[in-house]
1. Find the residue count for the stretch 87-105, including only residues that are touching a helix residue (DSSP H, G or I) at 6+ places or on another chain (Cβ under 7 Å) and more than 12 Å from residue 406 (Cβ to Cβ).
2. When you scan the stretch 149-164, do you find a residue that is near the ligand (Cβ under 10 Å from one of its atoms), crowded, with 18+ Cβ neighbours inside 10 Å and closer than 28 Å to residue 288 by Cβ, even just one?
3. What number of residues within the stretch 170-205 are in a loop (DSSP other than H, G, I, E, B), touching a strand residue (DSSP E or B) at 6+ places or on another chain (Cβ under 7 Å) and within 16 Å of the ligand (Cβ to nearest atom)?
4. Does the stretch 412-431 hold any residues that are over 23 Å from residue 312 (Cα atoms) and part of a loop (DSSP other than H, G, I, E, B), and which are they?
5. Within the stretch 34-53, which residues are farther than 15 Å from residue 114 by Cα and out of contact with any helix residue (DSSP H, G or I) (no Cβ under 9 Å at 6 or more places or on another chain)?
6. What are the residues in the stretch 93-111 that are within 21 Å of the chain's Cα centre (by Cα) and either free of Cβ contacts under 8 Å to residues at least 12 places away in the same chain or surrounded by fewer than 18 Cβ atoms within 10 Å (Cβ to Cβ) (or both), if any?
7. Could you give me the residue pairs with C-beta distances under 6 Å whose first residue belongs to the stretch 17-29 and is farther than 17 Å from residue 127 by Cβ, whose second residue is within 9 Å of the ligand (Cβ to nearest atom) and at pLDDT 95 or above wherever it lies, and which are 6+ apart or on separate chains?
Ligand SMILES: Cc1cc2nc3c(=O)[nH]c(=O)nc-3n(C[C@H](O)[C@H](O)[C@H](O)COP(=O)(O)OP(=O)(O)OC[C@H]3O[C@@H](n4cnc5c(N)ncnc54)[C@H](O)[C@@H]3O)c2cc1C
């Protein structure tokens, strides 16, 4: 399709993270003219654990992104969890809807791969262009495009203000959601929020076949010292390094006042020796960022603007995973947009566009409502401790918990665990 008179594209996508890249890829495949504006220049970093669960891998497969082991895409086969004096390894479940392996890939690499994939599908990706605000219709307030400025090598905005026009705009700009905010779509302070820090170490176990999580962090010898708030992870990247981080989950977006960098330094002094997470092996910076969860910014569609991924608060409160949901929401947004733009009349287009929030609510709303209850529960350390101590040694229970926490269950044709989780998500009101 050709963009209409006066428009630079059929759709403008703000941000080329996993959400923006997936949106752009699927839109371009339908023949629409897509313009992606990304403030960074690839390869660029993004603070993340770099972990891809089977759900995220399924999205990569759908997009047609090759992940050969010969290119360093090492697979992991499950989750190793430490807590309450126990250590348990549970393989990823065998499911119909997704593969039984995960991946871990630095975001420096993953995001460039996805953005190049979207460009190869036909999207125009402009790097080093920061969107500064919406262009709105003077009477209706509907978005008609965006203003932007070039970003120089030092990360500063430079040059004159640029204007790009399109009938529809997707905010895939991540947790800051500046465009959505400037359209009046505010964050809901009563939804869960995570904060996490992460860094990299060289490690002899850089190709460990399991993802590792630590449900308890100690300020000395495990079991004989004090427990600190938060949960930790070590994800092997297969390139000589591992991604190590810790985070906390709150049931609301109010600040936790935790000293994450201090906690991390203490944990590292007491971390499992076999990973060799020593100061000599430390590479890269320790950086922190927020994880917006459980649809903390809504509506996901209004006045020509759709929210995808973190901008719409789509990180799972169960495990802090957001890449899979960014890609999934991008796929759904692209489908809805292509249906809308194929219709001649404005009211018909709006009818199609208004299905986007409803589809998201149907796919993820009930699951996130359960996740909000989970966030309230584990916010209380005594409950968390009881669950870890008594739950971890029970293998069947842990298989169930892993399916629930990693969104690793079949919505159709699953086993009794899948059917139970699906029933729970259907019973929970999507809000
Ligand atoms: C410490 C930490 C660990 C995490 N670990 C994991 C994990 O292991 N697995 C997982 O699945 N998820 C993890 N997450 C969550 C995950 O990082 C996000 O959910 C995911 O990146 C969301 O993708 P996105 O495309 O919505 O946004 P982003 O990845 O944030 O991409 C947004 C893009 O928009 C660009 N942008 C922003 N503003 C503008 C603008 N004004 N103009 C132009 N471009 C703009 C940015 O440069 C960026 O490229 C973690 C998060 C944190 C903070």
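1. Summing the residues that are touching a helix residue (DSSP H, G or I) at 6+ places or on another chain (Cβ under 7 Å) and more than 12 Å from residue 406 (Cβ to Cβ) in the stretch 87-105 gives 5.
2. Yes, the stretch 149-164 contains a residue that is near the ligand (Cβ under 10 Å from one of its atoms), crowded, with 18+ Cβ neighbours inside 10 Å and closer than 28 Å to residue 288 by Cβ.
3. 8
4. Hits for the stretch 412-431 are 412, 413, 414, 415.
5. 39, 49
6. Residues satisfying the conditions are 97, 99, 100, 108, 109.
7. Here the result reads 22/327; 22/330, each pair linking the stretch 17-29 to a residue that is within 9 Å of the ligand (Cβ to nearest atom) and at pLDDT 95 or above.
Results for (1) closer than 14 Å to residue 192 by Cα; (2) in contact with a helix residue (DSSP H, G or I) (Cβ under 7 Å, 6 or more places away or on another chain); (3) in a loop (DSSP other than H, G, I, E, B), shown as yes or no for each residue.
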| site | (1), (2), (3) |
| --- | --- |
| 255 | yes, no, yes |
| 289 | no, no, no |
| 311 | no, yes, no |
| 317 | yes, yes, yes |
| 320 | yes, no, yes |
| 329 | no, yes, no |
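The values are calculated or read from the model by the stated rules, or taken from the named source; none is laboratory data. As the structure is a prediction and not an experimental result, all values here were calculated from the model. Don't worry about glycine lacking a Cβ; one is built from the backbone with ideal geometry, like all the others, and counts go over all protein chains shown.
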